[in-house]
1. Select from the stretch 1-54 the residues that are more than 15 Å from I79 (Cβ to Cβ) and of a type in the set (G, A, S) and write down the one among them that is modelled with the lowest pLDDT.
2. Can you confirm whether the stretch 18-26 contains a residue that is of a type in the set (S, T, N, Q) and surrounded by 16 or more Cβ atoms within 10 Å (Cβ to Cβ)?
3. Name the residue, out of N63, N45, that is crowded, with 21+ Cβ neighbours inside 10 Å and under 16 Å from the mean Cα position of the chain (by Cα).
4. Could you list all residues from the stretch 1-55 that are closer than 17 Å to R89 by Cα and either touching a strand residue (DSSP E or B) at 6+ places or on another chain (Cβ under 6 Å) or aromatic (F, W, Y) (or both)?
5. Within the stretch 66-109, can you find the residues that are of a type outside the set (A, V, I, L, M, F, W, C), crowded, with 22+ Cβ neighbours inside 10 Å and more than 22 Å from Q29 (Cα to Cα)?
6. Considering only the stretch 50-102, how many residues are more than 21 Å from M18 (Cβ to Cβ), part of a helix (DSSP H, G or I) and among the small types (G, A, S)?
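The values are calculated or read from the model by the stated rules, or taken from the named source; none is laboratory data. A quick note: this is a predicted structure, and the numbers were derived from the prediction, not measured. When we count neighbours, we look across all protein chains shown, and the Cβ atoms used for this are built from the backbone with ideal geometry, even at glycine.
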Amino acid sequence: MERIEDRTYQFALRIVKMVQAMPRDAASQIMARQVMRSGTSIGANIEEAVAGTSKRDFANKMNIAQKEARETYYWLKLIRDSDIIPSNRIAPLVQEALEITKILSKTVTTARKNLARATQRENDKS
């Protein structure tokens, strides 16, 4: 099974290549900047989460990554539905953004549960 760090890195590369191929008109370039920012920050936030100093830090960074994935999903759908990139060409990226969002959502839920358990154990010791 592919690690989420590797999967989001590959996703970011695909976003960069897509943005490079987008038209140069004003609307396309605004959307290109937005999807470039959010699509490449998913993996960066995951890397920060993995290197986090605490369970709370991990959960917070993964939550940010999940929000960026949702935003990326939005921009990709808008690019698709605006006919900037043909639907059949962008469909795999839209699907990958959705899958990454779902994975990160489950990861955040689990991380928060683990954090709550750890906090409860600490409180029980006091």
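1. The residue in question is G52.
2. Just the residues of the stretch 18-26 that are of a type in the set (S, T, N, Q), to begin with: 20.
With surrounded by 16 or more Cβ atoms within 10 Å (Cβ to Cβ) added as a condition, the list becomes none.
No, the conditions are met nowhere in the stretch 18-26.
3. Values: N63 fails: crowded, with 21+ Cβ neighbours inside 10 Å.
Of the residues listed, the single one that is crowded, with 21+ Cβ neighbours inside 10 Å and under 16 Å from the mean Cα position of the chain (by Cα) is N45.
4. Passing the criteria: only F11.
5. Narrowing the stretch 66-109 to residues of a type outside the set (A, V, I, L, M, F, W, C): 66-68, 70-74, 77, 80-83, 86-89, 92, 95-96, 99, 101-102, 105-107, 109.
With the extra rule that they be crowded, with 22+ Cβ neighbours inside 10 Å, the set shrinks to 66, 68, 72-73.
Within the stretch 66-109, Q66 is the sole residue that qualifies.
6. Number satisfying all stated conditions: 1.
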